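Every read-out reported here was derived from the displayed coordinates using simple, explicitly stated rules and does not represent laboratory data. In this text, all values refer to a predicted model and were calculated from it rather than measured experimentally. FYI the Cβ positions are ideal-geometry reconstructions off the backbone, even for glycines, and counts take in every protein chain you see.
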Amino acid sequence: MDDREPLTVREALDQLSGILEGFRQGNAGPVAIGSHRRREAVLVPAALWDALAGSRREAVDQTDASLRLEGLSRSHSARLISDSYIRGEIDVDEMVRRTVLLHARPDTNLA
């Protein structure tokens, strides 16, 4: 992203047609939107979004391939977590956090 201030919601609505035309022309990058000039959302061209999702899917596929080489596979619950990551609903840190929690074992120390 560049250093431009985020658009307000009103500005984004007023400029939406132009933003979309820029995306269609391939000469526009992500556009930040927020209130009080604080970035809260980002509009991106669909091609960029698809590329990001493809990169995430590829990373997950590589993980699955590594697990298969070890004779292992992910559980259904772990797949749901990685699917959320692929769709961009969570970032990689959240995916790791949820996966670790999924596989955490209760403390078995008796001392």
- Considering only DSSP states other than H, G, I, E and B, which GluC sites (Glu not before Pro) in region 16-99 qualify as loop sites with at most 16 other Cβ atoms within 10 Å? Glu40, Glu70, Glu89
- Message: Just to be sure I understand: with springs between alpha-carbon atoms less than 10 Å apart, which residue in Val100, Val44, Val60 has the highest mean-square fluctuation in the Gaussian network model of the chain?
- Response: Val100
- Karplus-derived HN-Hα couplings along region 86-103 (A = 6.51, B = -1.76, C = 1.60, θ = phi - 60°), whole Hz, x at Gly and Pro: 4, 6, x, 6, 9, 8, 5, 4, 5, 4, 5, 4, 5, 5, 4, 4, 4, 9
- Once you charge only the Cβ atoms, +1 for Lys and Arg and -1 for Asp and Glu, what is the size of the charge dipole of the chain about its Cα centre, to the nearest 20 debye? 260
- State the Cα centre-to-centre distance between region 82-106 and region 8-36 in whole Å. 31
- Along the three principal axes, how long is the chain when you take its alpha carbons, biggest first, rounded to the nearest angstrom? 62, 36, 22
- Message: Can you give the longest run of the chain that contains no trypsin sites (Lys or Arg not before Pro) sitting in a DSSP loop with at most 10 other Cβ atoms inside 10 Å?
- Response: 39-111
